[in-house]
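The block underneath contains the structure these notes are about, expressed in structure tokens.
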Amino acid sequence: MRSLLVATLLAACCISNATASTKTDDKQNVLTPEQIQQDIEHFIEYVRLGYAYRDDKPTDFATFAQCIRHQSVELKTKLQLSGRLNHCLEHWFDHHADVTPRPKDYYLPMPTATGLWAQWRNGQATITAVPFAESAYQQGFRAGMQILRIDGTAVEQAIEQANVSGFDTAKSWTLNRLLTGKRNQTLSLEVHWLGKTEIKLLDIEAIVKDVIAEKPLLTQKRIGTVGYIRPENSLGNNALIGAFDEAMEQLKDTRAMILDLRHTPSGGNTEVARGIMSRFIKARQAYQTHELVSIEREFGVKRAWQEFVYPRGDFQYDKPLIVLCNKWTGSMGEGLTIGLHGMKRATVVGTQMSQLLGAIYGETLPHSQLNYMLPREKLYHVDGTPREAFIPDIVIEQRQYNQEQDATLQAALDWLNKPQAD
């Protein structure tokens, strides 16, 4: 089985398929008590042995297992079991861990369906990122807004009520879970910004429609003498390799290239990522380090290795390269970013990325046939930095810039126009 699966992209597919699935005859989804218990124990054991970040979290494993087993005799159907497993996974506050299909009233996948990003710090909830010109931006949200209430509840109280783990370190994660919301939901957010307090509505359905709308594999253009390529959440589609090659051919005479990875929240696969990186190097290079934690956990023998990229294509683009990233640069998008950076092939501009932990493996529960995806490998920059801890070379705090323009793109162009960048 492929070691890297597209967890959030699969989850996004479930958004559009959810209505059809709920019309399935309920009898087909009913499970016996024995089947429920066997699937539960199978899942608990998999997390115990295979979840790579289990020992890095403050969560007590017994508490997690108790959460799943608690009154499990009341569970009757596949979706009820899915709801319980997803709820209890929140003990690990890891948005790269997932069980699908979800119940229709469960939270949507992060960051695929997340319209804006916020942070809990010093007793305040502050919006830190709103993708320029996209749905939440068009709805009037801006970085720097302080969130006071969510659906009429004081934001700290809302976080405390929704924080399954109970840990302070999970508050920002929980806040963003609340802001991602549920299918067809409209959130009422009381915000304070520029000396004014007002109620703003966050239309989750509009955000979801934008996520699942049909788009090209990539967007390409020239910005003066600079080439620009943006994969449109397509890093899991192998057809992107050919489309990227065509774009490179058309832009090969540019003086520099911008690779915009800010539209890759659903991750992708290594074939596509290596296919892209291979156009920017002239010799074999390592792009990331893997660690399969379960081997050491089970046998006491550490296993780690590096993955390599080889040059490919009719030519190698050797002129300046900038990678743009943000909170919607997820999973394989993060791997692409740290890979090009680690090969000393790109300058990275933007914010910290999605911080999706590790490489996920997909498995299926034997009776319910629920799909579960959990990080089994830890991933690192070639310099040893955990992927989730990577910081761009040029950090853009959106609230500090003119939000009537794409500040990250403009910062990249400004950098390229400096004499030393030529």
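The values are calculated or read from the model by the stated rules, or taken from the named source; none is laboratory data. As the structure is a prediction and not an experimental result, all values here were calculated from the model. With ideal geometry, Cβ positions are generated from the backbone for all residues, glycine too; neighbour counts draw on all protein chains shown.
Note on region 216-237: residues that are surrounded by 14 or more Cβ atoms within 10 Å (Cβ to Cβ), of a type outside the set (A, V, I, L, M) and either outside the structural domain of Ala411 (by TED's automatic domain parsing) or in a loop (DSSP other than H, G, I, E, B) (or both) amount to 5. Scanning region 70-92 for residues that are more than 15 Å from Gln35 (Cβ to Cβ) and either hydroxyl-bearing (Ser, Thr, Tyr) or in a helix (DSSP H, G or I) (or both) turns up Gly83, Asn86, His87, Cys88, Leu89, Glu90, His91, Trp92.
Scoring Gln405 on the criteria (1) of a type outside the set (Asp, Glu); (2) crowded, with 22+ Cβ neighbours inside 10 Å; (3) in the same structural domain as Ser266 (by TED's automatic domain parsing) leaves a single failure, condition (2). Restricting the first member to region 156-183 and to residues that are modelled with pLDDT of 95 or more, and the second to residues that are outside any helix (DSSP H, G or I) and of a type in the set (Asp, Glu), the beta-carbon pairs closer than 8 Å and six or more apart or on different chains are Ala158/Asp151.
Any residue in region 144-152 that is more than 22 Å from Tyr106 (Cα to Cα) and part of a loop (DSSP other than H, G, I, E, B)? The answer is yes, given that some residue of region 144-152 is more than 22 Å from Tyr106 (Cα to Cα) and part of a loop (DSSP other than H, G, I, E, B). For Ser234, the test of being of a type in the set (Ser, Thr, Tyr), at pLDDT below 95 and out of contact with any strand residue (DSSP E or B) (no Cβ under 6 Å at 6 or more places or on another chain) is failed.
Is there a residue in region 138-154 that is surrounded by fewer than 18 Cβ atoms within 10 Å (Cβ to Cβ) and under 17 Å from Trp92 (Cβ atoms)? Looking for residues that are surrounded by fewer than 18 Cβ atoms within 10 Å (Cβ to Cβ) and under 17 Å from Trp92 (Cβ atoms), one finds none in region 138-154, hence no. Taking the criterion of being assigned to a helix (DSSP H, G or I) and buried (at least 20 other Cβ atoms within 10 Å of the Cβ), the residues of region 177-208 that qualify are Arg177, Leu178, Leu179, Thr180, Ile204, Ile207, Val208.
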